[in-house]
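Heads up: the structure comes next, in structure tokens.
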Amino acid sequence: MAEPITLARPYAKAVFQVAVQSNDLAGWSQMLRQIALVCKDARVATLLSAPLITAEQQAQRLIDLFDDALTPAAQNVVKVLAYHGRLTLVGEIVELFEALRAQQEMSVDATVTTAFEVNSATVDALAAALTKNLNREVKLVAKVDPSLIGGAIVRAGDTVIDSSVRGKLKKLAESINS
């Protein structure tokens, strides 16, 4: 059976094309996130997985939960996903949509995880360096993980830079054991 992310990809691409054509990436991003959040709710998930409910009923009940918050195009997306039994993939669709949006906007979300709290000037300097090296706007979020012992791990898209003490000790142990 195919992975959920693989099944979600064509839907994310289609929604992204509609968002680009309507010049409303931010609006579509917000609507998709809201739909995903509602679909995650246990009560809604139970309702959507009920075997006696038709796809049309699933779509309409989900749309009704939003009152007028969904555009007609977003309502159509919900109907198509319900018809194909893909409402459970909304989370993956959001993830892929956001990746396409970041690529379109020449931006990337990045995370720097450090062993200790770092000041905002250091975070800003790191964001500037990453922006220069990646040739795109970097939105950097700082996190703290004391298990790193020291150093930092930077994740920006597919790029991972591990300069943590924990990572270096792990590499040293691997080289000794091999």
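Taking the numbered list (1) farther than 25 Å from Gln34 by Cβ; (2) surrounded by 19 or more Cβ atoms within 10 Å (Cβ to Cβ) in turn, Ala129 passes all entries but (2). Of everything listed in (1) of a type outside the set (S, T, N, Q); (2) over 30 Å from Glu3 (Cβ atoms); (3) surrounded by fewer than 17 Cβ atoms within 10 Å (Cβ to Cβ); (4) at pLDDT 90 or above, the single unmet condition for Val141 is (2). Residues of region 41-78 that are among the acidic types (Asp, Glu) and either under 28 Å from Gln21 (Cα atoms) or in a helix (DSSP H, G or I) (or both): Glu56, Asp64, Asp67, Asp68.
Looking at region 78-110 only, could you name the residues that are basic (Lys, Arg) and either more than 15 Å from Lys139 (Cα to Cα) or touching a Cys at 6+ places or on another chain (Cβ under 7 Å) (or both)?
Here is the first cut: in region 78-110, the residues basic (Lys, Arg) are 79, 86, 101.
Lys79, Arg86 - these are the residues of region 78-110 that are basic (Lys, Arg) and either more than 15 Å from Lys139 (Cα to Cα) or touching a Cys at 6+ places or on another chain (Cβ under 7 Å) (or both).
Among the residues of region 84-132, those that are part of a helix (DSSP H, G or I), under 18 Å from Ile153 (Cβ atoms) and of a type in the set (A, V, I, L, M) comprise Val123, Ala125, Leu126, Ala127, Ala129, Leu130.
The values are calculated or read from the model by the stated rules, or taken from the named source; none is laboratory data. These numbers were taken from a predicted model, which means no experiment stands behind them. With ideal geometry, Cβ positions are generated from the backbone for all residues, glycine too; neighbour counts draw on all protein chains shown.
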